[in-house]
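Participant: To start, I am sharing the structure in question, which I have written as structure tokens.
A short reminder: the numbers here are calculations on the coordinates, not readings from a lab. All values reported here derive from a predicted model rather than from experimental measurement. Quick reminder, even Gly has a Cβ in these numbers, built from the backbone with ideal geometry, and neighbours come from all protein chains shown.
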Amino acid sequence: MLVGIWTSGTAEEADNSMTELAALAETAGSQVLEGLLLQRRGKPDAATYLGSGKAREVREVVLATGADTVICDGELAPSQRRQLEDIVGVKVIDRTALILTFSRSTRRAGRARRRSSWLSWNTAAAATARLG
């Protein structure tokens, strides 16, 4: 489930940010559910990012949809993440963690491709040397 806080800018900019977050999540391998929550606030809640009422609303959506992760379109303090996880009952990550997860998986996949290429080349070179 995707959640965000709209603190400034236009509604279109806030929607674009959530669309980008959905694309990042899908690229990282997540299945993005249809439901998302975008809350208009002056600033993020210091305790739970969303505020306790919206956090409980997110919990209801999580229960109804079976979501296993909440992705926040913003940066969470560790205490905000923990408190939000306590309320919603599933893993919570922020945009930065999502990008880092994607970056690590991309690097791992790249290493695996390079190793596979090296093994293929090395096997072919060894076979050629034996024939030669």
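Participant: Under 5 Å between amide hydrogens, which residues at least 5 positions from Asp45 or on another chain qualify, with H placed 1.01 Å from N in the peptide plane?
Facilitator: For Asp45, the qualifying residues are Leu50, Gly51.
Participant: On full extension of the chain, what length is gained from Thr27 through Ser8, given 0.36 nm per residue of separation minus the C-alpha to C-alpha distance?
Facilitator: 4.2 nm
Participant: Excluding Gly51 itself, calculate the net charge of residues whose Cβ lies under 9 Å from the Cβ of Gly51, where each Lys or Arg counts +1 and each Asp or Glu counts -1.
Facilitator: My count for the surroundings of Gly51 gives +1.
Participant: Okay, moving on. Simple spin-label model, 7 Å along Cα-to-Cβ: Thr69 to Lys91 in nm?
Facilitator: Modelled inter-label distance: 0.6 nm.
Participant: Using 1/(1 + (r/R0)^6) with R0 = 22 angstrom and r between the beta carbons of Ala77 and Thr101, what's the FRET efficiency to the nearest 0.05?
Facilitator: Efficiency, rounded to the nearest 0.05: 0.75.
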